[in-house]
Structures are given as structure tokens and as C-alpha cells.
Amino acid sequence: MGDLFVALTIYQDSYINATILSNRFIDEYMTEANDAQLKVYLYLVRMMGANLETSVSDIADRFNYTEKDVLRAFKYWKGKGILDLDMDASGCLVGVHLKNLCKEDHPGPTVESTHSPQALVIPQTIVSVPGKQTVFEEKDNVIPMKPAYSSARVRSFKASRADSGDGIDIFYLAEEYRKKPLSQSDIATIIYICEELGFSDELFDHLLQYCAARDKSDFRYIEKVAISWKENGVTNPAEADSAPGRYDRKVYEIMRQLGKTGNTPTDKEVSYITRWTAEYGFTDDIILEACERTVMATEKNRFQYADRILKSWKEKGVSSLGDVEDLDRKHSQKSASSSAVKKAVSAGPDSASGFNRFNQRTDIDFEQLEKKLIKN
């Protein structure tokens, strides 16, 4: 009978490595959210379930978004009331509180009316990685969220453009650039760019040309470029051509040269390229030369390695590839001279001069030699 009181270890053979998503989220919130908003929220839920830390930059890198894309998604879900954002005194984002939508599950879409939002906050925070502060600030040119357009709304937009009688047929124009019929998602993106972002027909036409010149016809890419232009205050084609950004041809050429083909540059990578062009003032040929040397030297941290090369060239006054060749020549001469010295030293004192190649007598009687010289 004593065995009945022995403490038992209870364990299971395996566990389900899964993320639980509330039906309420699917029923009430998923329909109107765009691709970025969904991915960001699902990743937050997944990290919270595993009790792991993440950061804005981590999420941006994982899904190939900009940090602004991630912050816009945070703001969207905050507006929907399913998460809260914690800020410090300086306005930096330090935490994200996800509200527990699974606390009470109901089959109908009206489940939200049966819940009190104040009762749904759980003490779980996903905190930014220490040392990485993200300022979540409001700007004058706030980028509006992309709404879900109903069929009636699409028909109304098309009808309003047809009734106006002026401007271009932007849908026909987009099909010509894409070389295929537009999907409902494509049409929604066009309406978003023209109405929410306020692009004129001329600027929209220029946007399509800009993307086509870069062999980019996917509307997700086109939308990101449009948002980038909006954030930089672009209102016409001339301003678009002079606006800096991650979508410039030069940026992609440098990315390709560093072996980053197919990747959308991150904010950090763009900041490096901006430093090389704007701060250092280097021309494309010098930057690409540094990139080529970087690829031959390392497979990791290539942006940092290329930056060290270019910073060194800047400090030495390099302004052309000819200057780079001069530096290489001087380096080779210095290396050859240094090698010769090392070789001589390692050979020993007998090889230091021609005189030392002769055997030197050490048994001379200097007193007898002096007497002989006096006598003579």
C-alpha cells in the first residue's frame, strides 16, 4: 500500500508544436486585413505562444518588409482594438500587448459585442531587442491603410472615372504594362494608389513606367514604390525621379554585385548605399569595384566589409579608379620592400653586407702590429 503514496512524474510522449489562432480573428478581422497586416499579426501570435522576443527589424527582415511596413501593421491592429502598443517617455516602442481573442469562443461573428475589451488584456509582452529602439512617431504625411473594396465600391470608382471624361484609362494602361488581365486584387491596389495615396493619372502612369523599367510588374512591388513616394512627398514625375529610396536601379545593381540577387534591400542596407553615394560621394564604378573585392574576400557581412573598404578609400582621398590603382601599386611596393627586409633579417648577420661575406680574423696581435708600423 505504501507504493500508492510515491510521487509520480507525469509526462507525454510528444506535444503539438503549433500556434493557436482564435476563430474570432478569422471571422471578424481577417477579411479586411492586407497581406502585411496578416503576416505581422500571425508572427506576433506565434512568438508570444513560444514566449520568445522579437523586434520591428526582425519582423521586417523575416518577411522582406520595411520597418515602416511593420509599424503601419501595428498601428492598424491597434486601431482594430486587438493589440496595444507600449511606449517609453521618449516615444520609443518597447512592447506589444496582444489581447486574448480566445478567452471566450462563440461561433457567430457578433462575438465581439459579448466581450469587454478591458477584460481581455493579458500580461504578455513582446519586447524589442535591447539596444534597438524604434521610434513610433506620427507624421504629417501619414500613409492611410489599404481598405477592402467591395464590388459596389469598385463599380462606383470605375463609373466616376468614366463620367468625368478626362484623364487616362488607368486600368487599360496597367494591363498594357502587365501584359495580362488585372485581378481583383490588382484593381483594389490601383484604387488605393489613386484615391487613398492621391496619385494623379500622370504620376500613376510614371509609376508604372518606373516599375516596368526595372522589370517589376507585380502589384505588391508597385504598391510599395507608391507608398515610398508618398512618404517622401512625391506629387509629380519630376519629384519621383529625384526621390531617394530602396527601389532605385543603383541600389539593386549594388545588391546584385554583393550577391543579394532577388532580395529587397533592408533599411540598413539602403543606409549603407546612401552613405557611399551621398556622404562619401563615390561614383558607381568605385562602389562596384569595392563590392567586387568584397565578394572575393568574404561570404558574410558583405555590406560592413565593403563599407570598411570605401571608408578607407575616402580617408585616403580616392576620387577615381586611377587613385585606387595607385593605392594598389603603392601597397604592392611596400609589401615587396617589407618582404625583402624580412628575408635579409631572417638570413642572419653574415648576409647583411658584402663585407660580412668574408671570414674575419679574430686572432690579431695589435701590440706586435703597432711595433712593426713604428719600425717601418
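Nothing in this text is a laboratory measurement; each read-out follows from the coordinates by a stated rule. Note that the structure is a prediction, hence the values are computed from the model and not measured. Cβ placement follows ideal geometry from the backbone for every residue including glycine, while neighbour counts extend to all protein chains displayed.
Brief remarks on what is shown
- 3J(HN,Hα) along the range 295-311, derived from phi through the Karplus expression 6.51 cos²θ - 1.76 cosθ + 1.60 where θ = phi - 60°, amounts to 4, 6, 9, 8, 10, 10, 6, 5, 5, 5, 5, 5, 5, 5, 4, 5, 5 Hz, with x in place of Gly and Pro.
- Built amide H within the under 5 Å cut-off of V96, gap 5+: D86, I126
- Once the gyration tensor of the Cα atoms in the range 151-242 is diagonalised, the equivalent ellipsoid follows with semi-axes of 20, 15, 12 Å, ordered largest first.
- Order of D61, D186, D218 under a 10 Å beta carbon neighbour criterion, fewest first: D218, D61, D186
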